[in-house]
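K.L.:
I'd like to ask you about the structure that follows.
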Amino acid sequence: MPSTILGLDIGGANLKAATATKQAVTVPFALWKQPDQLPAVLAALLRRFPETDGLAVTMTGELCDCYTNRAEGVQQILDAVETVAHGRPVGVWSTGGVFVSVAEARQEPLRVASANWHALAMFAGRMATGASILLDVGSTTTDVVYMPYGEPEGYVGMTDADRLRDGCLIYTGVGRTPVCSLSVPRIAAELFATLSDVYLWSGRVPEDVANCATADGRPATRAYAYSRLCRMLGGDAETIGELPVRELVNRCHQKQRDVIADSIRTHLRSMLSRSRCHLPNPRTAILSGSGEFLARDVIDTGIGEPPIREIVVLSDNLGPHVSTAAPAYALAVLATERGLP
């Protein structure tokens, strides 16, 4: 029987797992609060995929401030992976575009740190004809990857610091991003609410009674989201009316959409201007992540000239659970095609 390789994307707030056969699971896990629990949580996640023969791994959790530095974070995450692998082969994705062994990853930890965007781009590029741009909107960040010829070419910087500078890593998402980070005027500069409350209340993300990873620790429901948003306006659910909350929600959505769109335009101008040869403008946008709906809104604002002509939505092609765990799925597909080291 063919082997089943499980893709694992180990983040600071979520663990994502997927197979090439489109089984996918996303598990909330606050790595920065309890890094010692990572092996146990990973083991529980792997038990949901009992036929797994090998692991294809990427990570962003090494940036968590529970680690002294990113290199230490990579080493400890790899420790946890080896603990749960139980001798099964493990490949770690690198920004060199290949899987490396755990030993090689330990020798050059920064080559495998925060490489999930690269793995997703290597897979997603095949879904477009000609130049494209990948827009992956998650709970915490948005990744922008320009692919002139189907792969992430021409990137001078591969680290988070470089990508933040270049505008292709944007620290805004549809979940954990604080409302006050958007610099919307006349609101409290406090962590009373996050963007998950904005999209919960507007009905763009579903309620999840079991999810209490919210600003106040109460469930992710529309009613509690309303209360949290009222606090951003200096009151509560009894003293703030629905109209001010609706206006706040609309302003937050527009501001977040415009921040992402402006970053994409700046990034594209930079990529196209500094190239020694003429690079094509993207004609296709590939959208993925838990914030696909926001990605579509961004594209609708117009990010390039000529404008985007085709939109590929991963949830339409692969299903919403796979789209949310897109880097993990990409890893599983790439490892199934290429094999593990």
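K.L.:
Taking VAL92, is it buried (at least 19 other Cβ atoms within 10 Å of the Cβ), outside any helix (DSSP H, G or I) and not hydroxyl-bearing (Ser, Thr, Tyr)?
P.N.:
yes
K.L.:
Continuing with the same structure: Examine the stretch 223-240 for a residue that is touching a residue at least 12 places away in the same chain (Cβ under 8 Å), polar (S, T, N, Q) and either surrounded by fewer than 21 Cβ atoms within 10 Å (Cβ to Cβ) or under 16 Å from VAL137 (Cα atoms) (or both), and state whether such a residue exists.
P.N.:
No, the conditions are met nowhere in the stretch 223-240.
K.L.:
Name the pairs: first residue in the stretch 22-42 and touching a residue at least 24 places away in the same chain (Cβ under 8 Å), second residue of a type in the set (D, E, K, R) and part of a loop (DSSP other than H, G, I, E, B), Cβ to Cβ under 9 Å, at least 6 apart or on different chains?
P.N.:
GLN23/ARG48; VAL25/ARG48; TRP32/ASP65
K.L.:
Are any residues in the stretch 12-46 touching a Phe, Trp or Tyr at 6+ places or on another chain (Cβ under 8 Å) and in a loop (DSSP other than H, G, I, E, B), and if so, which ones?
P.N.:
The answer is GLY12, ALA13, ALA20, LYS22, GLN23.
K.L.:
Now, a different point. Looking at GLY97, GLY157, GLY125 in this structure, which one is more than 30 Å from ALA193 (Cα to Cα) and modelled with pLDDT under 90?
P.N.:
Matching residue, one of GLY97, GLY157, GLY125: GLY157.
K.L.:
Give the residues of the stretch 294-317 that are within 19 Å of TYR329 (Cβ to Cβ) and either touching an Asp or Glu at 6+ places or on another chain (Cβ under 7 Å) or buried (at least 19 other Cβ atoms within 10 Å of the Cβ) (or both), sorted by residue number.
P.N.:
ALA295, VAL313, LEU314, SER315
K.L.:
Next up: Quick one: how many residues across the stretch 20-45 are touching a helix residue (DSSP H, G or I) at 6+ places or on another chain (Cβ under 6 Å) and more than 25 Å from ASN317 (Cα to Cα)?
P.N.:
6
K.L.:
If you take the residues of the stretch 110-160 that are crowded, with 18+ Cβ neighbours inside 10 Å and among the charged types (D, E, K, R), which of them is farthest from ALA325 (Cα to Cα)?
P.N.:
Applying the filter and picking the extreme gives ARG111.
K.L.:
Further question on the same structure: Out of all the residues in the stretch 208-220, which are touching a strand residue (DSSP E or B) at 6+ places or on another chain (Cβ under 8 Å), part of a loop (DSSP other than H, G, I, E, B) and surrounded by 13 or more Cβ atoms within 10 Å (Cβ to Cβ)? Explain how you work it out, then say what you get.
P.N.:
Going through the stretch 208-220, the residues touching a strand residue (DSSP E or B) at 6+ places or on another chain (Cβ under 8 Å) turn out to be 208-209, 211-215, 219-220.
This time we only want the ones that are part of a loop (DSSP other than H, G, I, E, B), so: 209, 211-215, 219.
Result: ASN211, CYS212, ALA213, THR214, ALA215, PRO219.
The values are calculated or read from the model by the stated rules, or taken from the named source; none is laboratory data. Since we're looking at a predicted model, the values are computed, not measured. Cβ atoms come from the backbone with ideal geometry, glycine included; neighbour counts cover every protein chain shown.
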